[in-house]
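The values are calculated or read from the model by the stated rules, or taken from the named source; none is laboratory data. This structure is a prediction, so every number in the text was calculated from the model and none was measured. Virtual Cβ from ideal backbone geometry, glycine too; neighbours counted across all protein chains shown.
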Amino acid sequence: MIKGESYAGILNPPFDAKALAAGMRWIGDSKEVLPDYPNTVLATSLEWADKNRNTLIAYLRAWLKGMSWVKDPTNRETAIKTVGTELKLNPKEAQESVEELSKTGNLNLHGLQVVLDLRNQFGFKLTKGDKLPVYYDTQYFNAAKGK
Amino acid sequence: MCGGIEFAGGQMIPNHRFVIEIALLFLLTAQSASGQQRELRKVHLNVFRVDAATAAARGNGYFAAERIDVDATPTPSSTAQMSGLSQGKFDIISTGFDNVLAWSGKEGADIIAVAQVRDKRSFRFLSGRRSKIGAISKARSLRPTPPTRLLRSCYDEFCSRMAWIWQKAITSLLLSVRRAIAWNP
């Protein structure tokens, strides 16, 4: 786009900010038509999860502890500083990283269904079929939370 | 009798060497079990961007407390990431759910989502400076429409047109992805 070789693009943060800074024009945001389109998930292979159940649960337990700490308003300033140091981000980027983080880590099942429905609507043939339950498993997360 | 000394009364007590051998065996076994518990479990994490929870868990020592050593690597592309997960190069990945859908079973491995890292995703549609679409964005930027107002007035002609543009854009994106998959099965 900057070279004028393409008319338009669909960009994720932080690349959209870079494009705007480079003089590109903002047309809109997908949230206007897809308000519950979920962002990143943690994923693994079913085989690895089965063979390393305890490791996966321990990993999620530590990760959730990190999430709770980051999202605790009393830790906000320290969290931004820690995240900035760990990820080598400036304070603004570190703050964005903290803000975009899920509050609970619970899978957004409605949002995941939206993503699947979109693929089904456009005729994608998914190897594992068109039903959501084969694409996620909450047992490890629940075990990590002590449920 | 194995090392025991029998007294006149027929009662057997172990000799010193036997006691020391048993104690050593016990200590070695205990040490080995303890060593296994202390052993770090390496987890190969592959990401587009490391999230704040992972950074905090690493910085505050939460992974270390669970005896987990996280090896986080950045990925250059979804293909490299999903292929690497399917082939066992990575244990856990942070990725878009669309990748889970597209790659589960594709190279043999079934892939599952286990937790939500970031809740809402938004794609920003941007145009180049001299493009035809740029005229639309220019018109829009002169009279910016807040998303909430935009949604409320969704039946307006303007919104219908914008919705049509979104649909076309998303359709084009999905079709191009499908073509790419067809070319690179």
| request: For B:Ser83, work out the one condition from (1) closer than 30 Å to A:Asn75 by Cα; (2) modelled with pLDDT of 95 or more it doesn't fulfil. | output: (1)
| query | Across the range B:95-128, what is the total count of residues that are in contact with a Lys or Arg (Cβ under 9 Å, 6 or more places away or on another chain), of a type in the set (A, V, I, L, M) and in a helix (DSSP H, G or I)? | reply | 2
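Among the residues of the range A:37-57 satisfying the criterion of being over 15 Å from the mean Cα position of the chain (by Cα) and in contact (Cβ under 8 Å) with a residue 60 or more places away in the chain, which is surrounded by the most Cβ atoms within 10 Å (Cβ to Cβ)? Spell out how you get there, then give the answer.
The first filter runs over the range A:37-57 and keeps only residues over 15 Å from the mean Cα position of the chain (by Cα), leaving A:45-57.
Among the residues that remain, those that are also in contact (Cβ under 8 Å) with a residue 60 or more places away in the chain are: A:46, A:49, A:53, A:56-57.
Working: A:Leu46: 15, A:Ala49: 22, A:Arg53: 13, A:Leu56: 26, A:Ile57: 21.
Going through the qualifying residues, I end up with A:Leu56.
Going through the range A:1-54 one residue at a time, which ones are aromatic (Phe, Trp, Tyr) and either more than 7 Å from every other protein chain (Cβ to nearest Cβ) or in a loop (DSSP other than H, G, I, E, B) (or both)?
Answer for the range A:1-54, where residues must be aromatic (Phe, Trp, Tyr) and either more than 7 Å from every other protein chain (Cβ to nearest Cβ) or in a loop (DSSP other than H, G, I, E, B) (or both): A:Tyr7, A:Phe15, A:Tyr37.
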| note | Residues of the range B:79-103 being of a type in the set (D, E, K, R) and over 20 Å from B:Lys42 (Cβ atoms), in sequence order, are B:Asp98
| remark: Within the range B:23-58, restricting to residues that are part of a helix (DSSP H, G or I) and at pLDDT 95 or above, the one that is farthest from A:Gly105 (Cα to Cα) is B:Arg58
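Of everything in the range B:74-126, what is acidic (Asp, Glu) and more than 7 Å from chain A (Cβ to nearest Cβ)? Give them in sequence order.
So in the range B:74-126, the residues acidic (Asp, Glu) come out as B:91, B:98, B:107, B:110, B:119.
B:Glu107, the sole residue that qualifies.
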| Can you tell me which residues in the range B:67-94 are assigned to a loop (DSSP other than H, G, I, E, B) and buried (at least 21 other Cβ atoms within 10 Å of the Cβ)? | B:Phe90, B:Asp91
